[in-house]
Structure formats: C-alpha cells, structure tokens
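A quick write-up on the structure given underneath.
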Amino acid sequence: QSHLRLYTCLFLPQPVCLQRDLSVLNLLDSRSVMGDLGWVAYPKNGWEEIGEVDEDYAPIHTYQVCRVMEQNQNNWLHTNWILTEGAQRVYIELKFTLRDCNSLPGGVGTCKETFNMYYYETDDRVLKESRYIKIDTIAADESFTELDLGDRVMKLNTEVRDLGPLSRKGFYLAFQDLGACIALVSVRVFYKRCPFLVKSLAEFPDTIPASEASQLVEVVGRCVNNSVPLYEPPRMHCSTEGEWLVPIGKCVCKPGFEEISGSCQVCKMGFYRSQLESSACSKCPPHSVARQMGATACSCEDGYYKIDSDPPSMACTRPPSAPRNAISNVNETSVFLEWSIPVETGGRKDIRYNILCRRVLPDGRGLEECGPNVRFLPRRLGLSNTSVMVADLQSHTNYSFLLEAINGVSELAKDHAKQYVTLNVTTNQAAPSPVSVVRKGHTGKSSIALSWAEPDRPNGIILEYEIKYFEKEQDSSYTIIKSKETEMVVEGLKPSSVYIFQVRARTSAGYGAFSRRFEFQTSPYLTATSERAQASIIAVAITLALVLLAVVAGFLLSGRLSQCCLSFIRRCGYSKAKQDPEEEKMHFHNGHIKFPGVRTYIDPLTYEDPNQAVHEFAQEIDVSCISIERIIGAGEFGEVCSGPLRLPGKREIQVAIKTLKAGYTEQQRRDFLWEASIMGQFNHPNIIRLEGVVTKSKPVMIITEYMENGSLDTFLKKNDGQFTVIQLVGMLRGIASGMRYLSDMGYVHRDLAARNILVNSNLVCKVSDFGLSRVLEDDAEAAYTTRGGKIPIRWTAPEAIAYRKFTSASDVWSYGIVMWEVMSYGERPYWDMSNQDVIKAVEESYRLPGPMDCPEALYHLMMDCWQRERSSRPKFDEIVCLLDKFIRNPCSLKKLVNSSHRVSNLLVEHASVEGDCGTRSKTIGEWLDSIKMGRYTELFMEGGYSSLETVAQMTSEDLRRVGVNLAGHQKKIITSIQEMRVHMNSTNSTVNI
Ligand code: AMP
C-alpha cells in the first residue's frame, strides 16, 4: 500500500480560501483537523487512517482501503457526529483517488471501482449503523493506473452531493467499500447561508436558506445608524444558493439627519431636515432659524408664524396689512364695497377679507352691529374676492364698515394689531312709494275685483302687494291678503256692503306706506237674469274696448315702425322712455288681432284640433322624398337626423329630420308637432325654416333646413377665440333680427339662449326651439320655480321669474345673456353659481361682468338689456339698428372692457379695426349703393354678410339664398364681387412683398 501513501501526498489540491466565501460554512473539513480524525473503521483491517503532509508539509489525514485482491469486502468508515447548526440542506464534497482495476497486476477478480456513501440523522451521538440511509454510489471520473504511478500524474476526483431536508441536530456520514482501492483525501461538509449584510442603512442577519431550491426566505431588515424605514420596513430574500435577492423598501436617515457616505450625519445649525423623502439637510427658509444641531424643523423669528399645513420649506409669514383703495357704491339699500389687496400680504397667498358692519345710531349715540337681517353676497367672512355686496340695509341710515384682511396666520398673531380700513356710507333707498289709485272692477254680491298701478317710485323690484280691507265703520277688525299681481278679486264679502280697501307694495327694502282709503260697495242680491244681462253688457263693452285698443295700437305700432326706419336712416340709439304697457299686452295676449301690414303669430292652442293647426301651417311631405343619412343629435322625442330632401320640381337640399320615436302617446304626437305649427308660421332668414312634416306615415317627422354648424353654444366652445369681433357681431345681428321678427309677430320665445340658436356653414345664426312650455320642459337648463313651471333661470328676466311676466322685453333680457355667451365663446352665464344665488344676485342689481376682450359698446348694450325696468330695455329693432351701426363703423368697437392675453384672432382684429379707423373701408351698404343695388343691403345683413371679406366669398347660389332673384341683378353683383376679389388679392400681394 506504500504507493498509495505516496500518491496522496502528491494529489493534494491547492489550498482553497473557502472561509472567505461568507455564504459557505463548513461543518466538517477533514483537512483542517490537527490531530487524529478519530473516525471509526469496521472491520479494523479495512479503512486505515494515514497521516500525510501536503506540499507545504502541513499534516493532513487520509483514509485508505485497498483490499482488491480479497473476496467479500465490506469495509465501513463512519465519521464523527456532525452538527447541522440548523442547516436544512448540507453539501458533502469528497476528494479521493481510485485505482483502475484493469491496471492491477494479477487480474480484476473482485476489484471494484466505486464506493457507497451513507448518512444517518440523529439528535444525539448514539449511532445505529443499521439505520444508515444511502446517499449515493460514488464512482471516480478518473482512476489511475500503474502507468500513472510511474508518471506521478495526479488523478484526484472531486464529487459533491447534497443532503436534505435535514431535521435533526446532527448526522453521521459513512463510506462503504466493497473491494476498491481508494484513498479518501478530504471530506468537507458544508452548508450555504445568506451572510450578514448592511444595505441602504438596513442590516440583515445571517440567514439559513430553506431546504427547497425554489423557496426564498424573507427577512426583515433592521434600520441602523439613526435611520428609519421609508414607507415600509426593508426586506430581502435569501435564496438556497446563499444569495440575497429582491430587496424591498429601504431605510433613510431620520429627520434631523442626512446620509453622507452611507451613514446618517446630524444636520448643522441653521439647517433642518423634516421629511424622510428629502435627501439632505436644507437651509432654514426666510424668517426662521434652527439654533441647535439636528433640527427637524426651523422655528419662526419673532412676529412671524407658520400654520400646520404650511410646508416646512415655506418661509414664516405674518398677517397682512389693511386692504387699500376701499370704495363704496350705494344702490338704494344695498352697498357694493370694493377694495384692492393690501400692500403687505405677509408673504402668503391665502389672503381673505372679513367685513364688520355697524349701524350708526341716530344722534351720534354710538354704533351697533348690523343684525342677522343684513345679507352679504357672497358672504361676510372669509371673502376671497375684493368686493362684496351688502343688501337689506335700512334706508337712509349711516353705516360704518370695517374691512379687514386676514391670512392663514392671522389667528396665531394675537399680538399683531389688527389693521382695518373703514368705510362710512349712507343708504338712500326708501320703501316703495304708496300706491296712488285703486280701481274697482267687476263687482258681485260677495266679491269685488280690484286693480291698481305700480307705485310711482317702486325703489326696487316689487315682490308683492298687501291688500287690507274691512267693512266700513268696522275698522277694529280687518283682513290682509297678498297678491303678486296688480289686480285681484276680493271674495267672501257681504252683499250691499261698503268696504274700505288699502294697498301697499313690498320691495326688498320693506313695505311702503298703505295707499289712501278707497271705498267700494258690493252688489245687492240680483236675479239670475239681471246678472246675466249685466255680464253681457260687460262683454260687449270689453269687445268694443278691445277693438278700439287694437286700432290705437295699430296706429302706435305703424308709427313706431316708421320712426325706426327714420332712425335707421338718421341715427341709431334707443330711448329708454316708458312704453305703453298696453301695447305689449296687445302683442302678448291677443294673437288674433292683426295690425295692418304685420303678420301675427297664431297660438296653435286656439285650434280645437291640433292636427288642423299643423296642416294649416306645415306642408305634408311624402316620405319617399327624404333619405336619412346620419344621426346628428338627440331631441326629446327622438333622434335628429340629416339627409337630402328631393321635392318634385325643386332643387335637392340638405335638411334636418326630427323624428318621433315609436310607442308615442297621442299627447306626445301633438306636443311634437306643436313646434312645427309654430315654426311654420315664420318666414325669416334668421328663423329656422320649416320645410314640412311627415304625419301620414311612421315615424312622424319634422323637416327643417339643415344647419351645418349645429347649436351656437357648442360651436363657440369648439372655436374659442377664432372669430373676429365683426364676425361675432354679425352673428348677434342675425339673432337680433330673428328676434325682431318674432316680437313683431307677437311671439314671445321664453327660452332664448345660445343652445337654442343654430349656425349654418356661412355662420348665419337662426333662432330655433319653439313651443313655449313644451320647450321649457325639454330644456335641461329650465328649473322649477317656487310658483311652479319650469324656467331657465340664468337666461330669464327677473319679472318673468318672479311673476311669469314673459314679454318681448323679457326676451330682450335673454338676448343680452346670449350676447354675453357669444362674446365669451360659450361660457356658462354666472358660472357655477346656484340658480337661487343667481336670482338673489340679479335682484340685488348684480350683473354679469363684461367678457374678456369684449368691446365696451357691446357690453353697454348687454347691460341695457338687463335693465330692471323692462320698459327701459331696448327693443329688438333698436338692437338690430345699433349692431348695424357697429358693423358699419368698426372703430366704435375698438375700446374693450378688459383685454386679456389670450391668443386669438382678436389680435388680427385689432389691427383690422385700427385699419378701418384710419382708412375706413366701404361698408356693405356703401358698396351696394355704389353699384346701384342698395336695395339689397338689408337682405345681405340678414343673410349674415356683414363685411366685404365675407361678401368676397359669395357665389351665385349664395346670392339666390340671400334673396337676390333677378338674373340681371345677380350678374351685376357677381361682377362687382369678382372685381373686389382681384382688388383684395392685389392688396394682399403688395402687403406680402
Ligand atoms: P332639438 O331637439 O331641437 O334641441 O335638437 C337636438 C339637437 O339636434 C340640437 O342640439 C342640434 O345639435 C341638432 N339639430 C337640431 N336641428 C338641427 C338643424 N336644423 N340642423 C342641424 N342640427 C340640428
């Protein structure tokens, strides 16, 4: 066996620095044991421990066996008890040499070239050999021969096996030789672990992996060195290979510290670190200090403050100074207070204003706080705007208002002397003047109809009237009833009795004085016939009066018209003088009375059979003439579609087709066709034209002209800032012209709003959506009022909201709102204010401010449309007249209310307006006059052709559409347009050069 000993010495591997690999821990290394290994061999003459030296002459232990020549070998060698140290999987690395049986002298007989490795798990040292479990049969990759011995070539084999899962404290290993020639040079047993690690300020302990290869052991790290977890505790995952994988979360330095070179260092004085997310200590913001190291926040200097919600990086701030430039504007018993922001805002943006209202007591007896009855719009405290409306003050009273500016730190600055600005005002509104005359109307045996006129000086909107009455000589007991109208029937009276009546009005300022006493007597008991006779006398009298009124009104109207024509020629403007209220009544109530030369609207309700009304005003169209091509909108009754209409003998035109969806009730059918009965009565370039109806087949349809650009509000929103002022005024002129026509017809629209105006491809605007109450039901903007019925509050005049007084004058109010919508490109009137607040604000004289970039002249017109007194509002003919004047003289639109920096065509426009002011270009009227076609000026305007630029685009087709039907006239105008185009092109190219 000496040759084997020799070889083991030669086979020794190079020393390997295993312990340096921290993820591998040895449980046994036969080569590192100094003395005897003490392993047990059985039988004694089998495995043999032989001490050797390695190449550095360090002693090592080997076990050898080589009983190849003998039969029935079964030599066991078992190790000492090996503690697992908690490892569940261990690795066994064997280094050995094995003799090639073929190279043995004397034949291979019983020679083996393998040996077996076993293990036995146990919690104590007690060894039960019979319980050994086989790990594997180990064969050599390379065996050596006699030849190798001669060459002294090393043939050291290394085999590694793993073992697990282990669950006991320790185990024994055993090697079984069945007749091979082996030298076991080293046995190393080790396990793998994830070694202690510090990563991102978190430390992770030594961790033993799980026994299964696919399992990861999650380990929560501990933040070290003044650090804390950021969001969640840091975690790592230990793999079976002893590698740390998948880091989650991390530690960061705690506030007051910052990370420098992997460790947390305290913040210096004057610096702070408050948030875990920030990386480094920051310098204290202005007006704050950190007097100690490690500050997590800086404290404010004296006189400066911070609130909890201020970010730590924000400077310390202080309360603001007093508001500046405060002014008051007294309007009856309301005061509008306005001021500028303080010079010193204290360094904050959350500036708010508080108002303290105090009433000056008579005779200088001091001041008392205004009671809860005084209203502040939008509120008294915490105002963010620099204005407030104070309403419901007492009339003819002195008030002192203190305006105070506060900000987020005012509460903290208790020592800070409050700075106010004082405004002293005197209100001037009296309650309404007394009602001067109360008239008696129809008198019955138990009732008297009363009527009276509004007080001469209402001093505000009259909210209601109180009627006080009592039987003459019995004034100790009286009755009070209320009315919103200027008439009422008092019932429950005694026959043949004299009653005293007094009426007084109430405005937001309170009640006026009662009128003087009026004495009226009820009728005596009458026989039925005499009462009927009386009734018929009254009826005849009323009829006569009506006829007389009609004639008078006819005269008045024709006078008004001719006056308008005159004013059209001479000058534009409108008088705000009171109009005769009866005239309006004639328009509004008496649809059937025809004024000379003016067609009048007939309420379809006057027809007993609604179908008859439809066919009187609308042409029946055969459904085969219509093709539906696409859906363009949704109406209340069904889809709105478009497509061509081919009527026999007529040009094909594009139409909109409103359909009535299947399953309708008779009432719905009537309501649907109602609109056609109204629309069919109109014929005007700015009113949507009815082509006809389909009622004889299903679905029932209403066919109107097609408006390519859909509804005006959406169209404007889509094209924000894209039009010139003249184009916008042209659109408004069209709407006003349509409304003038409707009001002349005696039709009150009630729902005039940009959403109910349609726009065609030439930007011509046409009024649509007819049908009175039905339309309002259909309008999402319409809200129920306290008196019932739906009203689109934002667009409606106060008297129509308060007591349903819908007239052409209330349509004018709505027109003013439409002007505002147009000039602000579809902005929602009163923005997000609630309907209730809108009503209140309007009642208290608040009006929409001028839209950005809106010419002042147009805003004045809007404001006139919003006159509280409806008789002071302009009439539609006056509005058309004024807009024509603006179009003819664009420099009148030069001055803007408030200009913005928004990029829009207005910039181009200013230039063109300026240009027009310098070298004024021809107006449409002047151009048509110059070619002797002046008679068409009005038609051009109505067709939306308000500038020469738009006219230059016109075709013969457009001319026909406008109403120029004579071929000769068409030719003349087209020739002039062509010349105009040539001229414009040449001017443009000059500009370009
Ligand atoms: P209406 O039921 O009249 O409110 O119509 C519903 C929608 O259909 C409108 O908002 C328009 O967008 C569209 N519409 C109605 N009539 C026409 C028309 N004559 N031309 C183009 N679009 C229309």
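What residue, among those in region 749-759 that are outside any helix (DSSP H, G or I) and modelled with pLDDT of 95 or more, is nearest to the ligand (Cβ to nearest atom)? Walk me through how you get there before you give the answer.
Start the filter on region 749-759 by keeping residues that are outside any helix (DSSP H, G or I), which leaves 749-753, 757-759.
Of the ones still in play, those that are also modelled with pLDDT of 95 or more are 752-753, 757-759.
Details: LEU752: 14, ALA753: 11, ILE757: 10, LEU758: 5, VAL759: 9 Å.
Selected residue: LEU758.
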Among the residues in region 717-738, are any within 16 Å of the ligand (Cβ to nearest atom) and not in a helix (DSSP H, G or I)? yes
Do you know which residues across region 801-822 are assigned to a loop (DSSP other than H, G, I, E, B) and either touching a residue at least 24 places away in the same chain (Cβ under 8 Å) or within 21 Å of the chain's Cα centre (by Cα) (or both)? LYS805, PHE806, THR807
Taking region 642-673 on its own, how many of its residues are within 20 Å of ARG961 (Cβ to Cβ), surrounded by fewer than 16 Cβ atoms within 10 Å (Cβ to Cβ) and in contact with a Pro (Cβ under 9 Å, 6 or more places away or on another chain)? 3
Subset of region 443-462 (residues that are touching a residue at least 60 places away in the same chain (Cβ under 8 Å) and basic (Lys, Arg)): LYS445
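Out of the residues in region 916-938 that are among the aliphatic types (A, V, I, L, M) and at pLDDT 85 or above, state the one that is surrounded by the most Cβ atoms within 10 Å (Cβ to Cβ). Walk me through it before giving the result.
So in region 916-938, the residues among the aliphatic types (A, V, I, L, M) come out as 924, 928, 931, 933.
So of that shortlist, the ones also at pLDDT 85 or above come out as 928, 931, 933.
Numbers: LEU928: 21, ILE931: 15, MET933: 16.
So the residue we want is LEU928.
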So, in region 871-898, of the ones that are of a type in the set (S, T, N, Q) and in a helix (DSSP H, G or I), which residue ends up farthest from ASP744 (Cα to Cα)? SER892
Within region 742-752, identify whether any single residue is more than 33 Å from the chain's Cα centre (by Cα) and of a type in the set (Lys, Arg), and answer yes or no. no
Note on region 448-459: residues surrounded by fewer than 16 Cβ atoms within 10 Å (Cβ to Cβ) and either of a type in the set (Val, Ile, Thr) or in a loop (DSSP other than H, G, I, E, B) (or both) are ALA453, GLU454, ASP456, ARG457
When GLU708 is run through (1) within 13 Å of the ligand (Cβ to nearest atom); (2) crowded, with 16+ Cβ neighbours inside 10 Å, the failure sits at (2)
Restricting attention to region 823-844, and to residues there that are closer than 24 Å to LEU728 by Cβ and within 19 Å of the chain's Cα centre (by Cα), which single residue is surrounded by the most Cβ atoms within 10 Å (Cβ to Cβ)? TYR825
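What number of residues within region 32-46 satisfy the criterion of being among the aromatic types (Phe, Trp, Tyr) and either loosely packed, with under 10 Cβ neighbours inside 10 Å or in a strand (DSSP E or B) (or both)?
1
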Restricting the first residue to region 943-960 and requiring it to be surrounded by 19 or more Cβ atoms within 10 Å (Cβ to Cβ), which pairs with a second residue that is among the polar types (S, T, N, Q) meet a Cβ separation below 6 Å and a spacing of at least six or different chains? GLY944/ASN762; LEU959/GLN970
Enumeration of residues in region 128-141 that are modelled with pLDDT of 75 or more and either in a strand (DSSP E or B) or surrounded by 12 or more Cβ atoms within 10 Å (Cβ to Cβ) (or both): ARG131, TYR132, ILE133, LYS134, ILE135, ASP136, THR137, ILE138, ALA139, ALA140
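Being within 27 Å of SER400 (Cβ to Cβ) and among the small types (Gly, Ala, Ser) is the requirement here; does ALA322 meet it?
On the way: within 27 Å of SER400 (Cβ to Cβ): yes; among the small types (Gly, Ala, Ser): yes.
So ALA322 passes the test.
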Just the residues that are in a loop (DSSP other than H, G, I, E, B) and more than 47 Å from the chain's Cα centre (by Cα), please, taken from region 465-485. LYS472, GLU473, GLN474, ASP475, SER476, SER477, TYR478
Quick check, is PHE514 at pLDDT 75 or above, within 30 Å of PHE376 (Cα to Cα) and in contact with a strand residue (DSSP E or B) (Cβ under 6 Å, 6 or more places away or on another chain)? yes
I'm told GLY242 meets every condition in (1) in contact (Cβ under 8 Å) with a residue 40 or more places away in the chain; (2) assigned to a strand (DSSP E or B) except one. Can you identify the failing condition by its number? (2)
Residue check for GLY746: at pLDDT below 95, more than 18 Å from LEU939 (Cα to Cα) and more than 13 Å from the ligand (Cβ to nearest atom): yes
Single unsatisfied condition, TRP795 versus (1) in contact with a Ser or Thr (Cβ under 8 Å, 6 or more places away or on another chain); (2) of a type in the set (Phe, Trp, Tyr); (3) free of Cβ contacts under 8 Å to residues at least 12 places away in the same chain: (3)
Strands (runs of 3 or more DSSP E) wholly inside region 301-387 that include at least 1 residues being free of Cβ contacts under 8 Å to residues at least 24 places away in the same chain: 324-331, 367-369, 375-377
Could you tell me whether any residue of region 770-785 is of a type in the set (Lys, Arg), modelled with pLDDT of 60 or more and either in contact with a Ser or Thr (Cβ under 9 Å, 6 or more places away or on another chain) or within 15 Å of the ligand (Cβ to nearest atom) (or both)? no
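Can you report the number of residues in region 730-756 which are in contact with a Ser or Thr (Cβ under 7 Å, 6 or more places away or on another chain), among the β-branched types (Val, Ile, Thr) and closer than 24 Å to VAL962 by Cβ? It would help to see each step written out before you state the result.
Start the filter on region 730-756 by keeping residues that are in contact with a Ser or Thr (Cβ under 7 Å, 6 or more places away or on another chain), which leaves 730, 733, 743, 745-746, 748, 752-753, 755-756.
Then drop every residue that is not among the β-branched types (Val, Ile, Thr), which leaves 748.
Pick out the ones that are also closer than 24 Å to VAL962 by Cβ and you get none.
So the count comes out to 0.
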Looking only at region 47-66, decide whether some residue is small (Gly, Ala, Ser), over 25 Å from VAL160 (Cβ atoms) and part of a loop (DSSP other than H, G, I, E, B). no
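Within region 631-652, restricting attention to residues that are within 11 Å of the ligand (Cβ to nearest atom) and of a type in the set (Asp, Glu), which residue is modelled with the highest pLDDT? Show your work before the answer.
Initially, region 631-652 is screened for residues within 11 Å of the ligand (Cβ to nearest atom), giving 631-642.
Okay, now just the ones that are also of a type in the set (Asp, Glu), so 636, 639.
Values: GLU636: 79, GLU639: 89.
Checked region 631-652; the qualifying residue modelled with the highest pLDDT is GLU639.
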With respect to HIS237, determine if the residue is at positive phi and surrounded by 14 or more Cβ atoms within 10 Å (Cβ to Cβ). no
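Anything in region 653-688 that is without any contact (Cβ under 8 Å) to a residue 24 or more places away in the chain and either more than 38 Å from the chain's Cα centre (by Cα) or within 10 Å of the ligand (Cβ to nearest atom) (or both)? List them, or say none. Walk me through how you get there before you give the answer.
Let us first name the residues in region 653-688 that are without any contact (Cβ under 8 Å) to a residue 24 or more places away in the chain, namely 663, 665-667, 683.
Correct list: THR665, GLU666, GLN667, ASN683.
The values are calculated or read from the model by the stated rules, or taken from the named source; none is laboratory data. Keep in mind that this is a model prediction, so the values were computed, not measured. Note that we place each Cβ from the backbone using ideal geometry, even for glycine, and neighbour counts take in every protein chain shown.
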